[in-house]
Amino acid sequence: MKIVRIETFLVPPRWLFCRVETDEGLVGWGEPVVEGRAEVVRAAVEVLSEYLLGEDPLRIEQHWQILTKGGFYRGGPVLSSAVAGLDQALWDIAGQAYGAPVHALLGGPVRERVRIYSWIGGDEPAELADAAAAQVEAGMTAIKMNAFGLLAAIPSATEVAAVVRRVAAAREVLGDDRDIALDFHGRASPAAARRVLPELAPLRPLFVEEPVLPEHNHQLGDLVNASPVPIATGERLFARHEFLGPLRAGVAVVQPDLSHAGGISEVRRIAALAETYGAVLAPHCPLGPISLAASLQVAFATPNFLIQEQSIGIHYHSGSELLDYVLDREPFRFVDGHLRRPEAPGLGITVDEQAVRAAARRGHAWRNPVWRHDDGSFAEW
């Protein structure tokens, strides 16, 4: 079996899909994207495709090694995301070729269902409370929210109190039986994180995500030691070696993204590395159906898995949804805040190729907003 064609599709709201076709008629799908830089990743996929065309798709590990190490310059979000999408597609083909879901090829399932969480948005406590109530009504057992928007490098007492009120509003609705995860989104300075984290501890967050920017990860150890709240990070880390420092610092949760961190092949190794440090896996996934399907295959085969992010209804979407691009929505049907184990071969989903091609004719040029502080200076989004 040989790879004969590789195509890419820019599809709304902000995604890039790739399609890998073989001479035996098997087709694998992947989702290689950096949000806001999808066109750049598309170019990287086209360059990497030069190597893959004519190759046996089942030699996944060999291809991963060459795609990631075959160039003199290695790593970074664009290259690792391009590799990630191609890797997903190769695993999809392999599952179809062997007549098994990917999780079976990874050693078999270790659980029957995967817990998920939904995002909630809102600027004011009352809005957040209403959004949390809607997720409770939908049967979700966990939600995630941004802890704050703009935050001063050293926040005032008023700013800290506002953060606590936001989270408290959601906690009051959720009660003690449901979980709330908080995303700092790298918006806090190390000093701000040290000030805010202890104030949030009484509200018992499941974890706080990306309390500081990746370039400040050398301070994670101090944050872990100062915070009773479990620390999570990893959406902007792209390889095993980049997770080693945070794990040594004592982070509780690693969050590699299956569309950024080298795909299924690398994320399963990141999970194994985390297991040696007693940390758990919560794959980052505010993306599309292929990325989520790949994440779930890893989740079902990973002993130290915690919870799965998913983007249905997320506030980043406008005019397009995850379910728009699949023919069978059953694999993404929530039951009591969980997704059941898929048994279909490969990634376990059927991509609606007609819908993808139609959407790609519209395309997109999504860019994240640029924020500024009141004085006009740049602020982290």
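The values are calculated or read from the model by the stated rules, or taken from the named source; none is laboratory data. Note that this is a predicted model, so its numbers are computed, not measured. Cβ sites come from the backbone with ideal geometry, for glycine too, and all protein chains shown count toward neighbours. Heavy atoms of the whole protein, side chains included, go into the accessibility calculation; ligands, DNA and RNA do not. Shrake-Rupley method; radii C 1.70, N 1.55, O 1.52, S 1.80 Å.
Can you name every residue in region 80-120 that is open to solvent by 40 Å² or more (accessible area, probe 1.4 Å) and over 20 Å from residue 9 (Cβ atoms)?
Correct list: 97, 98, 99, 104, 105, 107, 109, 110, 111, 112, 113, 115.
In contact (Cβ under 8 Å) with a residue 24 or more places away in the chain, over 27 Å from residue 275 (Cα atoms) and not in a loop (DSSP other than H, G, I, E, B) - does that describe any residue in region 294-309? Show your work before the answer.
So the first thing to find is which residues in region 294-309 are in contact (Cβ under 8 Å) with a residue 24 or more places away in the chain, and the list is 294-309.
Applying the additional criterion that residues be over 27 Å from residue 275 (Cα atoms) yields none.
There is no residue in region 294-309 that is in contact (Cβ under 8 Å) with a residue 24 or more places away in the chain, over 27 Å from residue 275 (Cα atoms) and not in a loop (DSSP other than H, G, I, E, B).
Identify all residues within region 221-245 that are β-branched (Val, Ile, Thr) and either surrounded by fewer than 16 Cβ atoms within 10 Å (Cβ to Cβ) or touching a Phe, Trp or Tyr at 6+ places or on another chain (Cβ under 9 Å) (or both); write none if there are none. Residues satisfying the conditions are 229, 231, 233.
The residues listed here are 263, 278; of these, the one that is buried (at least 24 other Cβ atoms within 10 Å of the Cβ) and out of contact with any His (no Cβ under 7 Å at 6 or more places or on another chain) is 263. Every listed requirement among (1) open to solvent by 20 Å² or more (accessible area, probe 1.4 Å); (2) among the aliphatic types (A, V, I, L, M); (3) part of a loop (DSSP other than H, G, I, E, B) is met by residue 48 save one, (3).
Residue by residue, here is whether (1) assigned to a loop (DSSP other than H, G, I, E, B); (2) farther than 23 Å from residue 39 by Cα; (3) not aliphatic (A, V, I, L, M) holds:
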| site | (1), (2), (3) |
| --- | --- |
| 271 | no, yes, no |
| 312 | yes, yes, no |
| 361 | no, no, yes |
| 365 | yes, no, no |
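Residue 187 meets all of the listed conditions (1) crowded, with 20+ Cβ neighbours inside 10 Å; (2) over 26 Å from the mean Cα position of the chain (by Cα); (3) basic (Lys, Arg) but one, namely (2).
Every test in (1) of a type outside the set (Val, Ile, Thr); (2) at positive phi; (3) over 22 Å from the mean Cα position of the chain (by Cα) is passed by residue 357 save one, and that test is (2). Take the conditions (1) within 19 Å of the chain's Cα centre (by Cα); (2) over 30 Å from residue 59 (Cβ atoms); residue 257 misses just one of them, which is (2).
Restricting the search to region 299-321, which residues are modelled with pLDDT under 90 and touching a helix residue (DSSP H, G or I) at 6+ places or on another chain (Cβ under 8 Å)?
Initial filter on region 299-321 (modelled with pLDDT under 90): 312-321.
Of everything in region 299-321, those that are modelled with pLDDT under 90 and touching a helix residue (DSSP H, G or I) at 6+ places or on another chain (Cβ under 8 Å) turn out to be 312, 320.
Taking the criterion of being at pLDDT 95 or above, under 16 Å from residue 238 (Cβ atoms), open to solvent by 20 Å² or more (accessible area, probe 1.4 Å) and not polar (S, T, N, Q), would at least one residue in region 65-73 satisfy it? Yes, region 65-73 contains a residue that is at pLDDT 95 or above, under 16 Å from residue 238 (Cβ atoms), open to solvent by 20 Å² or more (accessible area, probe 1.4 Å) and not polar (S, T, N, Q).
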